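Chemist: Provided herewith is a single structure, encoded as structure tokens, for subsequent inquiry.
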Amino acid sequence: MEATLTQAPQDAFHQVRRVVEQDLGAPLESAFSSFEEQPIASASLAQVHLATLRSTGQRVAVKVQHEGLRELSQVDIGTIAFLVDTVKRIFPKFEYTWLVDEIKQNLPRELDFRLEGKNCEQAGRNFADDDRVVVPTIYWEHTTARVLTMSFEPGCYITNVQGIVAQGVRPADVAAVYSDLFSKQVFKHGFVHADPHAGNVLVRQHPARPGKPQIVLLDHGLYRPLDDAFRVSYARLWRALIFGDEQGIKRESEAMGAGDMYKLFAAILTTRSWDQVSQSSLDSLQVDGSESGKALTSSYAKQYQDEIQEILCRLPREMLLLLKTNDCMRAVDVALGTPVNTFVTMAVDCVDAIAAAEMARDPSWGTWLSCKAQQWRVWATVTAYSMSVSLGAAAPLPSLGGATGPQMLRDPSDDGHTALPAAPVDHRV
């Protein structure tokens with residue numbers, strides 16, 4: 001799997017040298033005392049080489065964009081737009097023009113490595129007080145639109161369970177930190193890494209806490225800022241999803257533009273059937289990584305493909321990248337074999353985000369007490385669930401927001417199997 005994420009077709013070294021020298025305006029040797037010709041990783045946009053800065057002796061990773069990619073990308077965008085438009089004319093139900101809009105907006109950003117450097121620094125500031133997370137240091141004097149020079153950060157890929165264990169780190173601890181990292185980005189920072197696949201996340205042993213993991217987050221080319229209104233609404237939606245609150249799911253889904261298709265929207269977000277989502281139990285959202293589970297999800301995706309297209313057209317653009325982020329996170333959960341997954345971490349962060357918004361709106365003692373009560377209730381519930389999982393029996397959870405839990409009635413027209421996959425993942429450096 002790791003090879004597919006980091007070993008795309010490579011440019012020859014003379015092409016790499018040409019790009020570096022054109023962008024830096026000087027011979028490669030004037031900036032680097034060493035520069036390894038064989039890349040340590042490559043993908044559709046760029047490849048990464050190890051090098052040493054001549055000025056300081058610092059070991060660095062140099063990300064070099066594939067030669068001619070900017071010019072070809074404009075042709076590719078035009079080709080994709082033409083193909084999507086052609087297919088839509090032949091098959092009117094095929095509605096993926098939103099995908100073309102996303103590519104037009106995001107690809108130019110990903111091709112400017114100066115923006116990636118700024119995103120990387122912003123992420124570093126957001127996690128400045130959390131030493132469980134590391135982002136590379138950017139060396140701006142050797143960074144341009146096509147060349148990104150950053151500190152070299154060692155580690156194994158997050159799905160390399162054998163490598164993680166060999167470092168004396170528990171995969172379950174890695175899963176917990178990974179989930180918390182991205183949950184904080186969504187619900188606290190409102191600044192979300194939109195491509196957290198396994199090739200962009202490394203793990204190493206924490207230098208100050210033996211046996212504990214430290215996560216290295218790479219590839220900051222594509223982020224999605226979330227405004228406060230969207231972020232809090234999304235937090236309320238996930239709180240409702242996690243605790244089977246049908247009225248909350250309906251209300252927040254409508255706010256997101258899903259309208260009366262809220263059950264379908266819930267299935268897309270969680271990749272679970274509506275019957276499972278509407279249960280007031282965290283184990284109802286347990287990731288199913290089995291082959292039979294994957295096959296069932298795939299069959300539902302085919303069954304509801306027209307409805308999926310319609311709902312994706314309705315959603316805010318921020319939601320489309322969050323769907324991909326959620327998909328990446330679930331894949332890592334499954335690979336690490338963690339019994340208590342992303343949804344458990346999100347339960348706490350959702351309520352924290354909602355509490356912060358409520359306190360900003362009304363900083364009274366009554367509001368503070370109400371928020372603390374909800375936070376402690378969720379914390380206690382999640383703790384009890386985690387303990388029950390470790391003992392082999394998942395405990396049911398009380399519902400929030402007035403939901404009726406397992407007794408909740410569903411629409412008779414709904415067959416209870418609206419389980420759908422999230423948006424497809426695009427693996428790029």
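Chemist: Quick test for you: out of PHE230, PHE187, PHE265, PHE182, pick the one residue that is among the aromatic types (Phe, Trp, Tyr), part of a helix (DSSP H, G or I) and over 24 Å from ALA356 (Cβ atoms). I'd like the intermediate steps shown before the answer.
Modeler: On the way: PHE230 fails: over 24 Å from ALA356 (Cβ atoms); PHE187 fails: over 24 Å from ALA356 (Cβ atoms); PHE182 fails: over 24 Å from ALA356 (Cβ atoms).
Among PHE230, PHE187, PHE265, PHE182, only PHE265 is among the aromatic types (Phe, Trp, Tyr), part of a helix (DSSP H, G or I) and over 24 Å from ALA356 (Cβ atoms).
Chemist: Could I ask something else about it? PRO406: at pLDDT below 65 and in a helix (DSSP H, G or I), yes or no?
Modeler: On the way: at pLDDT below 65: yes; in a helix (DSSP H, G or I): yes.
When the stated conditions are applied, PRO406 passes them.
Chemist: Are any residues in the range 35-57 part of a strand (DSSP E or B), of a type outside the set (Val, Ile, Thr) and crowded, with 18+ Cβ neighbours inside 10 Å, and if so, which ones? Write out each step before concluding.
Modeler: Within the range 35-57, the first condition is being part of a strand (DSSP E or B), and the residues that meet it are 35, 41-42, 46-53.
Keeping just the survivors that are of a type outside the set (Val, Ile, Thr) gives 35, 41-42, 46-47, 49-51, 53.
Residues satisfying the conditions are PHE35, ALA41, SER42, ALA46, GLN47, HIS49, ALA51, LEU53.
Chemist: Take the residues in the range 202-254 that are of a type in the set (Gly, Ala, Ser) and surrounded by fewer than 24 Cβ atoms within 10 Å (Cβ to Cβ), then tell me which one is nearest to VAL277 (Cα to Cα). Talk me through it step by step, then tell me what you get.
Modeler: In the first step, residues of the range 202-254 are kept if they are of a type in the set (Gly, Ala, Ser); the result is 208, 211, 221, 229, 233, 235, 240, 244, 248, 253.
Within this subset, residues satisfying the condition of being surrounded by fewer than 24 Cβ atoms within 10 Å (Cβ to Cβ) are 208, 211, 229, 233, 248.
Numbers: ALA208: 40, GLY211: 35, ALA229: 24, SER233: 18, GLY248: 12 Å.
For the range 202-254, the residue satisfying everything is GLY248.
Chemist: Is it the case, given these coordinates, that VAL334 is closer than 17 Å to ASP180 by Cβ, out of contact with any strand residue (DSSP E or B) (no Cβ under 9 Å at 6 or more places or on another chain) and modelled with pLDDT of 80 or more?
Modeler: Numbers: closer than 17 Å to ASP180 by Cβ: no; out of contact with any strand residue (DSSP E or B) (no Cβ under 9 Å at 6 or more places or on another chain): yes; modelled with pLDDT of 80 or more: yes.
Judged against the criteria, VAL334 is not a match.
Chemist: LYS188 passes all but one of (1) of a type outside the set (Asp, Glu); (2) outside the structural domain of HIS49 (by TED's automatic domain parsing); (3) surrounded by 19 or more Cβ atoms within 10 Å (Cβ to Cβ); which number fails?
Modeler: With respect to (1) of a type outside the set (Asp, Glu); (2) outside the structural domain of HIS49 (by TED's automatic domain parsing); (3) surrounded by 19 or more Cβ atoms within 10 Å (Cβ to Cβ), LYS188 is out only on (3).
Chemist: Step by step: first the residues of the range 361-403, then only those that are modelled with pLDDT of 55 or more and in contact with a Ser or Thr (Cβ under 9 Å, 6 or more places away or on another chain), then the one that is surrounded by the fewest Cβ atoms within 10 Å (Cβ to Cβ). Which residue is that?
Modeler: Here the residue is ARG361.
Chemist: Tell me, which helices (runs of 4 or more DSSP H) wholly within the range 67-156 include 3 or more residues that are modelled with pLDDT under 70 and not aliphatic (A, V, I, L, M)?
Modeler: Correct list: 69-90, 97-110.
Chemist: Checking GLN162 against (1) among the polar types (S, T, N, Q); (2) assigned by TED's automatic domain parsing to the domain that holds ALA43; (3) surrounded by fewer than 21 Cβ atoms within 10 Å (Cβ to Cβ), only one condition comes out false. Which one?
Modeler: (2)
The values are calculated or read from the model by the stated rules, or taken from the named source; none is laboratory data. It should be emphasised that the depicted structure is a prediction, and the values quoted were computed from it without experimental measurement. Positions of Cβ are generated from backbone atoms using ideal geometry, with glycine treated the same way; all protein chains shown enter the neighbour counts.
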